[in-house]
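Report on the following structure.
Laboratory data are not the source of any read-out in this text; all were calculated from the coordinates shown. These numbers come from a predicted model, not from an experiment. Because the Cβ atoms are built from the backbone with ideal geometry, glycine has one as well, and the counts that use them run over all protein chains shown.
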């Protein structure tokens with residue numbers, strides 16, 4: 001004989017099971033939604049993996065500018081990067097040029113802010129002068145190469161709408177394919193497609209389309225190496241498909257978390273880059 | 001004995017040399033500037049005609065660095081011994097201070113061919129004769145001490161001897177001379193050195209600096225021994241102190257630069273001596289933008305104001321050109337890159353609205369390879385016959401520079 005109280009308990013238990021059944025049903029459906037990343041999220045993770053790994057980073061960068069006839073010019077520099085905080089936040093860049101001869105000893109510093117124009121300074125050894133330079137055009141060529149400043153140090157994610165298109169393989173690697181369309185009209189491209197490696201979120205390929213919809217620039221990550229446990233694109237190239245000009249970049253002597261001091265990013269060291277950082 | 005000393009020195013330096021990283025580089029250069037309007041006062045047809053070689057040694061070992069940059073030139077316009085130590089110094093770098101001792105190029109301020117706080121010597125002849133930009137500055141023999149505590153950066157420059165700016169040579173340029181008949185000339189160099197201090201730091205995202213200098217004017221003044229019947233003219237460098245400031249930072253789409261300085265003409269504070277420049281205030285406002293890829297535009301407004309104009313006018317002898325109390329100059333520079341930044345067109349123009357002086361310098365420069373570049377350009381001058389540029393109006397020239405770097 002069940003008491004009134006026991007009947008009530010059983011009723012509630014049955015109700016709870018019924019309720020839980022619905023919860024499980026919903027929970028069973030949810031992961032499909034929760035684990036599919038949006039285009040925005042893929043690009044955010046890609047930015048963190050490609051441009052922000054480590055507290056700091058150093059590389060000897062060798063750029064070959066190759067015209068359609070195969071003639072080469074070489075730009076060689078040491079690039080130092082330091083993050084101010086989390087991925088997507090402020091960064092500082094320091095670059096010291098070894099080649100070509102007429103820019104040897106030139107150094108260059110960028111304070112990069114995600115939501116506003118960079119601050120840039122250049123040291124001109126010929127007259128021993130440090131100058132702040134205007135930098136509103138992030139789509140400008142970096143030292144005459146096919147890479148723009150944005151290609152080197154990143155484009156604000158907020159500047160584009162990012163739409164997940166589909167999954168696709170690049171070679172043997174599974175990738176997310178994301179289409180990014182500029183929100184404003186000031187960009188020099190109509191949209192771009194980025195193939196982001198599902199495993200490490202590095203961009204393995206990027207196609208930029210001009211405003212008429214013609215493909216005009218092609219980025220490829222040609223070699224990914226494990227540097228101190230961080231997958232790093234150590235060889236990359238950017239080809240202008242309309243002019244036939246291309247730029248191949250190799251990162252040598254790469255390192256992460258080297259303890260680069262904040263004070264390095266200053267006029268003092270712009271004038272006298274310390275040997276220990278620019279070798 | 002000397003061999004013994006050399007061996008000893010070599011042995012002493014060997015450990016340092018073994019640890020040092022040594023880099024040798026340099027260039028070979030040809031530089032020609034043809035007259036475009038008239039022959040030189042000496043009858044020659046070129047402002048510049050020379051072959052030049054530079055060798056640069058850069059050695060680093062620990063906190064020490066040695067840099068030596070020496071030139072050897074063959075001048076075809078009658079100048080002897082064109083060898084020169086361009087720079088030669090030793091650096092010592094510590095945690096929050098450093099030191100540079102020797103001949104060094106120092107540039108202060110923000111101006112583009114307009115100098116408000118840059119009190120260091122220049123080579124105006126190089127600028128006007130179509131030589132490469134690096135020859136605009138002359139090194140000073142000095143000790144430079146840098147200190148970098150948290151709150152600001154300090155740069156103290158102590159030069160035991162004075163080094164003047166080089167003005168165009170009278171054999172090559174048509175210089176204004178108020179007393180051409182007086183052949184007896186002497187130059188009196190200051191018997192002491194000079195000292196400068198620059199303090200700089202970031203202030204709310206702007207680069208701010210203060211400048212203090214005690215020394216001499218870098219360009220000479222002239223004084224005749226007798227105003228009515230001069231027999232001798234003395235060239236000298238009047239005492240000068242400078243108190244200046246500058247700030248630069250982002251403004252709108254570009255970079256805004258502001259500079260101001262008070263020039264205290266210590267040798268003539270009353271302004272009664274016509275041979276010594278009046279005390280002055282100098283102001284500069286500059287703006288640089290990059291409207292599209294590979295194009296940069298720069299604009300400057302520059303003003304000079306005399307402080308004792310009444311005294312200057314009263315003391316000025318009859319027949320001497322009269323300068324205005326205030327002088328206003330505007331400049332513009334366009335720089336455009338082509339062909340993956342291997343071809344550069346640059347045009348600089350300056351116009352002084354107070355005396356009509358103007359200076360235009362277009363230049364096209366191309367890097368044939370990573371080691372060889374060449375430039376072709378021109379210098380055009382105009383204005384009144386006694387103005388800074390006006391006096392050079394017959395010295396317009398077209399120049400060529402070719403350099404092989406190794």
If a paramagnetic tag sat 7 Å from the Cα of residue B:185 along the Cα-Cβ line, which residues of region B:390-406 would have the backbone N under 16 Å from that point? B:391-392
Measuring from a point 7 Å past the Cα of residue A:133 along Cα-to-C-beta, which residues in region A:88-104 have an amide N at less than 18 Å? A:92-104
Cα-derived Rg to Rh of region B:171-220, Kirkwood definition: 1.25
Quantify how strongly other chains surround peptide B:387-393 by giving the mean number of their Cβ atoms within 10 Å of each of its Cβ atoms. 0
The extension gain from residue B:55 to residue B:97, computed as 0.36 nm times the residue separation minus the Cα-Cα distance, is 12.2 nm
Residue separation between residue A:36 and residue A:117 times 0.36 nm, minus their alpha-carbon distance, gives in nm 25.9 nm
Added length on full extension, which subtracts the Cα-Cα distance from 0.36 nm per residue, residue A:55 to residue A:99: 13.1 nm
With Cα atoms, 0 to 90° folded angle of helix B:2-19 axis to chain B main axis: 80
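Sorted by average packing, counted as other Cβ atoms within 10 angstrom per residue and highest first, what order do A:228-237, B:115-124, B:99-108, A:82-91 take?
Ranking, from highest mean packing down: B:115-124, B:99-108, A:228-237, A:82-91.
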In peptide B:287-294, how many Cβ atoms from other protein chains are near each Cβ within 10 Å, on average? 4
Run a plain Debye calculation on the protein assembly as shown (Cα atoms as equal point scatterers, no solvent) and give log10 I(q)/I(0) at q = 0.07, 0.09, 0.11 Å⁻¹, rounded to two decimals, same order as the q list. -0.57, -0.88, -1.23
Spatial separation of Cα centroids for region B:118-158 and region A:171-222, in angstrom: 47
Region B:226-256 to region B:165-181: how many Å between their Cα centroids? 19
If R0 is 30 Å, what FRET efficiency do you get for residue B:305 and residue B:212 from their C-beta distance, rounded to 0.05? 0.90
Taking Cα centroids, how far is region B:42-87 from region A:108-163 in Å? 35
For a label point 7 Å along the Cα-to-beta-carbon line of residue A:253, residues of region A:107-146 with backbone N under 16 Å: A:107-108
Per the C-alpha gyration tensor (a ≥ b ≥ c, the square roots of its eigenvalues), region A:63-105 is rounded if a/c is under 1.5, else prolate if a/b beats b/c, else oblate; here it's oblate
Label region B:8-135 by shape, choosing from rounded, prolate and oblate, from the square roots a ≥ b ≥ c of the eigenvalues of the Cα gyration tensor; if a/c is under 1.5 it is rounded, and otherwise prolate applies when a/b is larger than b/c, oblate when it is not. oblate
What does DSSP give for region B:22-405 in terms of the percent of beta bridges that are antiparallel, rounded to the nearest 5? 95
Taking Cα pairs under 8 Å and at least six residues apart, what relative contact order does chain A come out at, in percent? 19
Per-residue average of other protein chain Cβ atoms inside 10 Å, peptide A:93-101 -> 3
Calculate for chain B the 222 nm mean residue ellipticity that helices alone would give, adding -39,500 (n - 2.57) per DSSP H run of length 4 or more and normalising by residue count, nearest 500 deg cm²/dmol. -2000 deg cm²/dmol
Distance (nanometres) between label positions extended 7 Å along Cα→Cβ at residue B:219 and residue B:170: 1.7
What spacing in nm lies between the two simple spin-label points modelled at residue B:45 and residue B:272, each 7 Å away from Cα in the Cβ direction? 5.4
Hey, any idea what the orientation-averaged projected area of the convex hull of region A:39-278's Cα atoms comes to, in nm²? 12.8
If you average 1/r over all unlike Cα pairs in region B:22-405 and invert the result, what Kirkwood radius do you get in angstrom? 22.7
With Cα coordinates, the longest principal axis of chain A makes an angle with the long axis of helix A:4-34, in degrees rounded to 10, of 30
What distance in nm lies between label points placed 7 Å from Cα along the C-beta direction at residue B:369 and residue B:145? 4.8
Report the calculated FRET efficiency for residue B:334 and residue A:186 (r = Cβ-Cβ distance, R0 = 22 Å), to the nearest 0.05. 0.50
At R0 = 25 Å the Cβ-Cβ FRET efficiency linking residue A:67 and residue A:124, nearest 0.05, sits at 0.40
